Amino acid sequence: MIESINLRSLRSGEFTQFTNDVMAILAKADTETLGIKDQAADFNTAVEQLQAGFNKERGSDITAELTEIDARRDACISGIEKLSEAYTLHFEPVIAKAAQELLHKIESYGPRIAKQNYQTETTIINNLTQAVETDADLKDAVSKLYLSDWFDQLKKENNWFSQRFLDRIDEEAQQSDEKFKELRDTASEAYRTLCMHITAHVTLKGIAGYDAIINQLNSLIDAYNLTLKRRATTDEVV
């Protein structure tokens, strides 16, 4: 079943990123077949309204910084993709095979990663770098292609972008606490309704067909719960 998460404990930026991550999961699911099309649509609308409330330019220095960081990570992911594609033509079969494996993984996230919106690109790059670190074959392929430094830089830029993106949202949220609270409450309720409907369908029909979306949601929730746990531990120490 879907794991629980204390949404109220998430900071403004974390909450916004979490809901965007959930929306990305829904985008890959057949919500109509799953019987949650309406609930997914309501949730997406709530998240889009939440994001729209904080996308206005307010003269923040962080906005300009984000543009610069995004340009650097775009260059990294584009360079990795182009180098991988070039290496598929390498005269040594082992190098060509490694390039094909890596390129296949990159392409599995869809075309033009660098052209995706901020949230989607952040999630894709995070998933890709994690895959390279945990999958032995991919890690070996990256080593054979001498792309380890590229991936290290990509991860560094993506992590920094994610942090500064959250900083900007927190900064903007402080300027409009009441509006953010209203939008946040609406998104939270839409999320709970979505989860309740998924749970109800599983109870009535069984887990088959719902295991993929539940596993993805739980993986996401575990990551954010870990953040909350680490913060609580740090606060206790302090």
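Derivation of every value follows stated rules applied to the coordinates shown; laboratory data play no part. Predicted model only: the values in this text are computed from it and were never measured. When we count neighbours, we look across all protein chains shown, and the Cβ atoms used for this are built from the backbone with ideal geometry, even at glycine.
A compact table of results
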item	result
Rg/Rh ratio calculated on Cα atoms of segment 58-168 (Kirkwood radius)	1.02
Cα centroid of segment 16-46 to Cα centroid of segment 138-158, whole Å	32 Å
Shape category assigned to segment 139-209 from the gyration tensor of Cα positions, a/c cut at 1.5	oblate
Set LYS105/LYS155; LYS105/LYS229; LYS28/LYS181; LYS28/LYS115; LYS155/LYS181 screened for pairs whose C-alpha atoms are more than 24 Å apart	LYS105/LYS229; LYS28/LYS181; LYS155/LYS181
For peptides 64-70, 131-137, sequence by mean Cβ density within 10 Å, most packed first	64-70, 131-137
Cα long-axis angle, helix 12-28 against the chain (0 to 90 degrees, to the nearest 10)	70 degrees
Rounded to 10°, Cα long-axis angle of helix 61-87 versus longest principal axis of the chain	40 degrees
Ratio Rg/Rh, restricted to the chain and using Cα atoms, in which Rh is the Kirkwood radius	1.00
The chain: angle of helix 37-52 to the longest principal axis, Cα-based, in degrees nearest 10	90 degrees
Rg to Rh quotient for segment 57-97, alpha carbon positions, Kirkwood Rh	1.38
Loop chymotrypsin sites (Phe, Trp or Tyr not before Pro), segment 105-213 (other Cβ atoms within 10 Å of the site Cβ: 12 or fewer; DSSP)	TYR146
Anisotropy class of segment 32-121 from Cα gyration tensor, a/c 1.5 cut	oblate
